[in-house]
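Peer 1: Quick one: structure below, then a few questions.
The values are calculated or read from the model by the stated rules, or taken from the named source; none is laboratory data. This one's a predicted model, so the numbers in the text were calculated from it and none came from an experiment. When we count neighbours, we look across all protein chains shown, and the Cβ atoms used for this are built from the backbone with ideal geometry, even at glycine. Note: areas computed on protein heavy atoms with side chains; ligands, DNA, RNA excluded. Shrake-Rupley method; radii C 1.70, N 1.55, O 1.52, S 1.80 Å.
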Amino acid sequence: IEPIEPIEPIEPIEPIEPIEPIEPIEPIEPIEPIEPIEPIEPIEPIEPMSRATESEPSPLESGWSDSVLPPTRRQDDSSPPAPLGRDLEAPERLELIAQLSEPNLAAAAALALREHPEWLHEAPPPSLVEALSTVDYDAEGSMFELARAWDREPLCQAILTALHAAADPRAREHFAWLLKHLAAPSSWKAIALLATSETEPSQLRRWLLEALDRLAAGRAIGWLELGDLVTTLARNPEAALRDGVVGILLALDRSEDKRRLLLEILRADDDEVVLASAVHALASVLPMDLDQELMNRLLEHPSPRVQRSVRELVARVKPIKP
């Protein structure tokens, strides 16, 4: 028997360090029960609003009934709502309004009134309308600044009333000029009726067309409201009115109706101011092609102003072959 090899001695095991005791966990407080939520009542579905179609009658065709709110793209929001609790009978306000009729005190009174926007609501006092009638086409003075700050809708209505009541032609023309700067979208129909009246003088009607021009530029009204008016007055014998129509067309949104009427004016009109304005307005409906025959007609016009405006437009438009 072979001898057994001796077993190597086992190394002693190092002693294990004692484990530190774990701190006891504090008990969690019980959560209070949540009260049950009451069920929400179902909301009734809202019926969709019907959209206007092109088949609807225009304002002129429908007779512009006073019982119907004139269609606009937005409500007249030219003035902020009046704060609650305004005192329109405050002694200081009444005193300042009375001072508007005194030439030496009117400017300071207008400035003081503007410092109280809560006082510039409701119908304007007669003293303000009277003072505005004497500003002599000055749109930068303190009185005009007060008018701009006044609640636009009642102020515009007061100016329209004064225009109808005035007998002096110069006074009526001046009120029309005031409307150019202070017209309210809600009064577009009354302004348009005066602008289309053949019994009114040409310059008064021109100021009113410029009032509609500014309302159109502010997107308060558009082709729906003014389409019949511009189509009718585009053939008026007065060049000043036809030029006012072109100004409105320039302010209106791009449309096929707008483009078609501008081309009709360029083909039929011969006044250099109207043609130059129409060529400028035509650039607002680009991109498009111009008929070569029409361009030749305009380039052969004796007015250098018309020729220059056509060349500027041609530089931006590629003509089509006849």
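Peer 1: Give me the dipole magnitude in Debye, nearest 20, for region 98-239 about the Cα centre, with unit charges on the beta carbon: positive for Lys and Arg, negative for Asp and Glu.
Peer 2: The dipole magnitude comes to about 380 debye.
Peer 1: Quick one: accessible surface of LEU204, probe radius 1.4 Å, all protein chains present, in square angstrom to the nearest 10.
Peer 2: 0 Å²
Peer 1: A further question follows. In nm, to one decimal, how far is the ALA283 label point from the ALA240 one, both placed 7 Å along Cα→Cβ?
Peer 2: In this crude spin-label approximation the distance works out to 2.7 nm.
Peer 1: By how many nm would the segment from SER197 to SER255 grow when fully extended, if each residue of separation counts as 0.36 nm and the alpha-carbon distance is taken off?
Peer 2: Full extension of this stretch gives 18.2 nm more.
Peer 1: Okay, next question. I'd like the carbon and sulfur percentage of the solvent accessible area for region 181-322, probe radius 1.4 Å, heavy atoms only, ligands and nucleic acids excluded.
Peer 2: Carbon and sulfur: 52 percent of the exposed surface of region 181-322.
Peer 1: Between the DSSP loop rule and a limit of at most 16 other Cβ atoms within 10 Å, which trypsin sites (Lys or Arg not before Pro) in region 220-270 are left?
Peer 2: Answer by residue number: ARG235, ARG254.
Peer 1: With a 1.4 Å probe and all protein chains kept in place, how do HIS116, HIS301 rank by accessible area, largest first?
Peer 2: Result of the area sort, largest leading: HIS116, HIS301.
Peer 1: Another question, if that's okay. May I have the extent of the alpha carbons of region 211-322 along their three principal axes, as whole Å values ordered from largest to smallest?
Peer 2: 37, 29, 19
Peer 1: Just to make sure I understand: if all protein chains stay in place, what is the order of ASP271, ASP87, ASP243 by accessible area at 1.4 Å, largest first?
Peer 2: ASP87, ASP271, ASP243
Peer 1: With +1 on the Cβ of every Lys and Arg and -1 on the Cβ of every Asp and Glu, and nothing else charged, how large is the dipole of region 203-265 about its Cα centre, in debye rounded to the nearest 20?
Peer 2: 80 debye
Peer 1: Just the number please: accessible area per residue for region 147-301, 1.4 Å probe, all protein chains included, in Å².
Peer 2: Solvent-accessible surface per residue comes out at 39 Å².
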